[in-house]
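First comes the structure, then the notes that go with it.
The values are calculated or read from the model by the stated rules, or taken from the named source; none is laboratory data. Fair warning: this is a prediction, and the values are worked out from it, not measured in the lab. Glycine also receives a Cβ, built like all others from the backbone with ideal geometry; neighbour counts cover every protein chain displayed.
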Amino acid sequence: MFAEFLQYLFAGVTTGAIYALVALGFTLVYNASHVINFAQGEFIMIGGMATLAFMAMGLPMPLAIAMAILLAAVLGALLHRLAIATARQADVVTLIIITIGAAIFLRGIAQVIWGKEYHALPSFSERASIEVMGAVMYTQSLWVLGIATVLVLVLALFFKRTLLGKAILATCMNKQAARLMGVRIQFVVMLAFTLAAILGAVAGAVAAPITLTSYDIGIMLGLKGFVAAAIGGLGSGVGAVVGGLLLGIAEAMTAGYISSDYKDAVAFLLILVILLFMPRGLFGSRVAERV
Amino acid sequence: MRLSMPSKMPGLPVLVLVLLLVPIILNDEFYLDIATQMALIAATVVGLNLLVGYAGQVSLGHAAFFAMGAYGSAILTGTYGWTPVPALLCAALLVATLAWLVGRPILRLKGHYLSMATLGLGIIIAIVINNEGWLTGGPDGIPVQPLSLMGFELSIFDEYHLFGLVISGTHAWYALAGVLLVLAVWIAQNLIDSPIGRALRAVHGSEVAARTVGVDTSHYKLLIFVISAVYASVMGSFFAHYTGFITPQLATFEHSIELITMVVLGGMGSTYGVIIGAVLLLLLPQLLTDFHEYEMMMFGLILMLTMIFMPKGLLPTLSALVKRHWPAGVRSSGPEG
């Protein structure tokens, strides 16, 4: 009974950590530019698929992952430089459609290069699972949780301690004031897109041994990451992490105790409930719309 | 400005002319089939444009309303033996109620909350259609009865005799779809020119200013959201009767994105622009059939490039171009010659 619950909890926290990383990516880009970057999910796909491709070329796994993350970072920067920055006079709706176009484009390229099959990455550790109080915990889950925790801490330090991090925060708070203080806004926005792509790619690479990977996994994972960010209150870093974990756990419990057919509906039901009862999300006091 | 322009253009006669010319120029069952589908989707997009272009709100779940209309008609006529017209009306009423229930609390808030809510709602509806196989046929889809009114059946496999002319079912359906599109445009234009439309344009311009002069902004936004959802539902019902077989593919998030892309591509707020957007986007897969593998890539690329270089959409950008090269003085012979 308890072991069963623990089993679902492990699964939930693991997917939750992945959603949290994706949600952080959405939050970063939204704060810097007010754009909801629907291409975010594709970087998860690239993280997994590119690692696989580099390994097929004979690279050892850690190097393959590093290369995949680098590739995602370059693509993230290019997405901003070539698409978003070029069209920065446009409506936010238009910019969002551009990111949707970019998502479809990246997915299309992935399909042409890597095909439509599902792939699994090998687990990072030799030993696949350990037993905790009667429940099975995959060692890969520990990797996911560990790497996610480290990334969140590094990100928090980056925003608190470094000038660059503070420049991003300043841009979120007041673009004009930040510009007057000498912050190069376009550079900051590009940095946000790049960091978001890196977060997505890391999530994709560490998740691939558990969730499998294919050219089209970015749609659902991206949308769920977005829901997680919205639950937390779009724009709040803490909210993104809490939202991600909440969503992951809620999904795992639904799949375990209610119906696995409706597992994917949980995220979207949650977003409706949140919008109806607390539209600013759990931590979203800062996102008051300016008129 | 741009938003008030379409009503002054001779758009409706041009649209009717184009619709009449299509079967003469492309007298082929295959092309007429595509044209019929285009007309039905274009009418849906004209409704969606009311929401996006005039209320400044984005729906990321319109395909689900379209699918609810389609499935409502399919299930009520197929499983429960209703005739198509009451089934269509009942499905539309259901969609209107749902849109009203979700829209009412959400549209009181400022910002892009409606897009999040419709995203969630749309995906839930798609999941339900996929999972409740006993009702909807599940992932395999469900057959739909042909359209009929008072014992008269309209099927693409029949032939009809009218004033001594023999009309194929495909032609008859094309005519119906054309009439529906013209009707959809006519209703939309009247809405835009009505007090509701003027209030909405004020909302789009500046919500604060609109509120200050006494416009109940959230009320009008809700009204237009419900209307645009009903547009989608009604066209979904016709689409289902026309194709005779529907699958959950209709309700997917990707399909919602396609609909919103048609609006943005053609030009938000331009009724004829979004029709062009719908036609172009539906034409794309036909043009890319030889490059089937590259279709998704090309679709994404075209979408990105159009939005980057023509952020206002095709028709507004082109008409601005025309205006710049042929200023008003040249087009109409003014006193200065």
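Quick look at the values:
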quantity: Top-ranked residue in the stretch B:108-118 [being surrounded by 24 or more Cβ atoms within 10 Å (Cβ to Cβ) and more than 7 Å from chain A (Cβ to nearest Cβ); ranked as nearest to A:T94 (Cα to Cα)]; calculated: B:L114
quantity: Given (1) at pLDDT below 95; (2) within 7 Å of chain A (Cβ to nearest Cβ); (3) part of a helix (DSSP H, G or I), number of the condition B:G103 does not satisfy; calculated: (2)
quantity: Residues that are surrounded by 15 or more Cβ atoms within 10 Å (Cβ to Cβ) and not in a helix (DSSP H, G or I), drawn from the stretch A:59-85; calculated: A:L59, A:A85
quantity: Positions within the stretch A:136-158 being in contact with a Leu (Cβ under 8 Å, 6 or more places away or on another chain) and surrounded by 17 or more Cβ atoms within 10 Å (Cβ to Cβ), in sequence order; calculated: A:A148, A:L151, A:V152, A:L155
quantity: For B:S233: the one exception among (1) assigned to a helix (DSSP H, G or I); (2) surrounded by fewer than 20 Cβ atoms within 10 Å (Cβ to Cβ); calculated: (2)
quantity: Residues located in the stretch B:123-132, provided they are within 8 Å of chain A (Cβ to nearest Cβ) and within 15 Å of B:S59 (Cα to Cα); calculated: B:I123, B:I124
quantity: Qualifying residue in the stretch B:38-57 (condition: modelled with pLDDT of 95 or more, of a type in the set (S, T, Y) and not in a loop (DSSP other than H, G, I, E, B)); calculated: yes
quantity: Helices (runs of 4 or more DSSP H) wholly inside the stretch A:206-291 containing at least 1 residues that are crowded, with 19+ Cβ neighbours inside 10 Å and at the interface with chain B (Cβ under 10 Å from one of its Cβ atoms); calculated: A:218-232, A:265-277
quantity: Residue that is aliphatic (A, V, I, L, M), over 11 Å from A:A205 (Cβ atoms) and within 19 Å of the chain's Cα centre (by Cα), where the choices are A:L78, A:L63, A:L82, A:L59; calculated: A:L78
quantity: Residue satisfying all of: in the stretch B:262-291; surrounded by fewer than 24 Cβ atoms within 10 Å (Cβ to Cβ) and hydroxyl-bearing (S, T, Y); farthest from the other protein chains (Cβ to nearest Cβ) among these; calculated: B:Y272
quantity: Tally, over the stretch B:61-91, of residues that are surrounded by 24 or more Cβ atoms within 10 Å (Cβ to Cβ) and over 23 Å from A:A265 (Cβ atoms); calculated: 4
quantity: The listed residue being at pLDDT below 90 and crowded, with 18+ Cβ neighbours inside 10 Å, out of A:A128, A:A196, A:A178; calculated: A:A178
quantity: Subset of the stretch B:133-174 that is assigned to a strand (DSSP E or B) and of a type in the set (A, V, I, L, M) - its residue that is nearest to the other protein chains (Cβ to nearest Cβ); calculated: B:I142
quantity: Which numbered condition B:Y294 misses (of (1) facing chain A (nearest Cβ under 9 Å); (2) surrounded by 19 or more Cβ atoms within 10 Å (Cβ to Cβ)); calculated: (2)
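Okay, residues lined up against (1) polar (S, T, N, Q); (2) under 22 Å from A:L221 (Cα atoms); (3) more than 13 Å from chain B (Cβ to nearest Cβ):
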| position | (1), (2), (3) |
| --- | --- |
| A:A56 | no, no, yes |
| A:P60 | no, no, yes |
| A:A103 | no, yes, no |
| A:S125 | yes, no, yes |
| A:S141 | yes, yes, yes |
| A:T149 | yes, yes, yes |
| A:V154 | no, no, yes |
| A:L157 | no, no, yes |
